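Before any comments, here is the structure.
The values are calculated or read from the model by the stated rules, or taken from the named source; none is laboratory data. Since we're looking at a predicted model, the values are computed, not measured. Cβ sites come from the backbone with ideal geometry, for glycine too, and all protein chains shown count toward neighbours.
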Amino acid sequence: MKNRVHALSGILAIILVTSFMATTVITEIVGEKGIILTAKTAILFALVVLIPSIIIASGTGRSLAAGRTSPLLNTKKLRAALVAVVGIVVLVPCAVTLRILAAADDFGTTFVVVQAIELAGGIVNLTLLVFNARAGRLLTAARRRRRRNARAGTATPA
């Protein structure tokens, strides 16, 4: 059950970050100030779902990895920590700032620069999340192979 919660919360985080980025790009292409404000407001409120999903994925991941070590797990833990740092230091402040600027009808240089920073941070986090999902699938597949081999009485290759 814990592994399903972990996978679902990670997938939800990937979907949300992807939708935030797509929404941002689409609304910027459209260029309608009201639509941009609506998008920035929606993204800010959706953080109430994204942040817990990342916390749940991280917590269940640490629990699932307890007592296990591997280079892949260590890399996955490092990526998870970087997702949190980028989110807290870059993405949340950018989302708040962009919402405030959009509400003030200030779409000048500051808005554009903060928007670029947010998109760059989003790309970094999305990449890290996708790599972690891939690593999770590899770890799960390896664990299933070990269990299958143990039941069959065969040795696990090194």
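General remarks:
Residues are listed down the side, and each one gets a yes or a no for (1) among the hydrophobic types (A, V, I, L, M, F, W, C); (2) touching a Leu at 6+ places or on another chain (Cβ under 7 Å); (3) on the phi < 0 side of the Ramachandran plot:
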position: R79; (1), (2), (3): no, yes, yes
position: V112; (1), (2), (3): yes, no, yes
position: G122; (1), (2), (3): no, yes, yes
position: R147; (1), (2), (3): no, no, yes
position: A152; (1), (2), (3): yes, no, yes
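- Tabulated pairs, region 17-31, first touching a residue at least 12 places away in the same chain (Cβ under 8 Å), second of a type in the set (S, T, N, Q), C-beta under 6 angstrom, 6+ apart or interchain: V17/N125
- Checked against the criterion of being over 25 Å from L8 (Cα atoms), surrounded by 12 or more Cβ atoms within 10 Å (Cβ to Cβ), without any contact (Cβ under 8 Å) to a residue 24 or more places away in the chain and among the hydroxyl-bearing types (S, T, Y), region 88-105 contains one or more residues that satisfy it.
- Verdict on L129 being at pLDDT below 95 and either assigned to a helix (DSSP H, G or I) or closer than 18 Å to T41 by Cα (or both): no
- In region 13-27, the qualifying residues are those that are under 15 Å from L47 (Cβ atoms) and over 9 Å from the mean Cα position of the chain (by Cα), and the one that is surrounded by the fewest Cβ atoms within 10 Å (Cβ to Cβ) is S19.
- Contacts under 7 angstrom Cβ, first residue in region 1-12 being in contact (Cβ under 8 Å) with a residue 12 or more places away in the chain and exposed (fewer than 14 other Cβ atoms within 10 Å of the Cβ), partner hydroxyl-bearing (S, T, Y) and assigned to a helix (DSSP H, G or I), 6 or more apart: K2/T60; K2/S63
- Within the option set A42, A46, A57, A95, being in contact with a Gly (Cβ under 6 Å, 6 or more places away or on another chain) and part of a helix (DSSP H, G or I) holds for one residue only, A57.
- Qualifying residue in region 69-76 (condition: part of a helix (DSSP H, G or I) and within 13 Å of the chain's Cα centre (by Cα)): yes
- Filtered by the rule that a residue be free of Cβ contacts under 8 Å to residues at least 60 places away in the same chain and buried (at least 17 other Cβ atoms within 10 Å of the Cβ), region 106-122 gives F111, V114, G121.
- For region 58-73, the set of residues classified as within 18 Å of L129 (Cα to Cα) and in contact with a Leu (Cβ under 8 Å, 6 or more places away or on another chain) consists of A65, L72, L73, listed by residue number.
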